[in-house]
1. Where does helix 32-66 land angle-wise versus the long Cα axis of the chain, in degrees 0 to 90, nearest 10?
2. Given the peptides 94-107, 68-81, 12-25, arrange them by the average over their residues of other C-beta atoms within 10 Å, most packed first.
3. Cα axis of helix 115-136 to longest principal axis of the chain: angle in degrees, 0 to 90, nearest 10?
4. Can you tell me how the chain classifies by the Cα gyration tensor, rounded, prolate or oblate, using a/c under 1.5 as the rounded cut?
5. With runs of 4+ DSSP H residues as the only contributors, calculate the mean residue ellipticity of the chain at 222 nm using -39,500 (n - 2.57) per run, divided by the residue total and rounded to the nearest 500.
6. Run the numbers on segment 32-136 and let me know its relative contact order in percent, using alpha-carbon pairs under 8 Å that are six or more apart.
Amino acid sequence: MMNEISSCYRCDFETGEPLSQCPRCGQPLRSAKTVRRLGWALVALGGLLVVFMGALTVVIGGIMSRTGEPGATTRFTGGPEDAAFIFGIFGLVISIGLASVVGGAWQIKYGKPNKKIMVVMFGLAIVFLLIGKLVRSFD
Ligand SMILES: [Zn+2]
């Protein structure tokens, strides 16, 4: 049977040897088993974040659309740019959650950390933030 692959989070070194430290940069190596366990944690946390923020978006969207109706018990007092800002933040958090889910699923499948997916998803998160800022500056 083949040894489990261990990999280094810092320099992407990979080995099938039972080493506990990276021979290149001295960081502790993570075994495929550990990486997969972390992957599950990422998927669970990311999924929770997405579900929670999704629900919050629906609730707040509902409050905003009912504001001004007679008999509305909760009212949204901000302007459209506040609404855009709030949804920008939600989009940001949701994309971070999605990054965790996708990155975690990748780790579970391959037993290796994947920096590329994380970088791409965090890039998306920054784009969301910039869009939120841009919308906010249009008043
Ligand atoms: Zn290393």
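Each reported figure results from applying straightforward, stated rules to the coordinates on display, with no laboratory input. Bear in mind that the values here come from a model prediction, so they are computed numbers and not experimental data. Heads up, the Cβs are rebuilt from the backbone with ideal geometry, glycines too, and the neighbour counts pull from every protein chain shown.
1. For helix 32-66, the angle is close to 0 degrees.
2. Working: 94-107: 21.3, 68-81: 9.9, 12-25: 12.8.
Ranked by mean Cβ neighbours within 10 Å, highest first: 94-107, 12-25, 68-81.
3. The answer is roughly 20 degrees.
4. Numbers: a/c = 5.12, a/b = 2.65, b/c = 1.93.
Prolate.
5. -23000 deg cm²/dmol
6. Working: 126 pairs, mean separation 44.2, N = 105.
Taking the mean separation of contacting Cα pairs over the length of segment 32-136, I get 42 percent.
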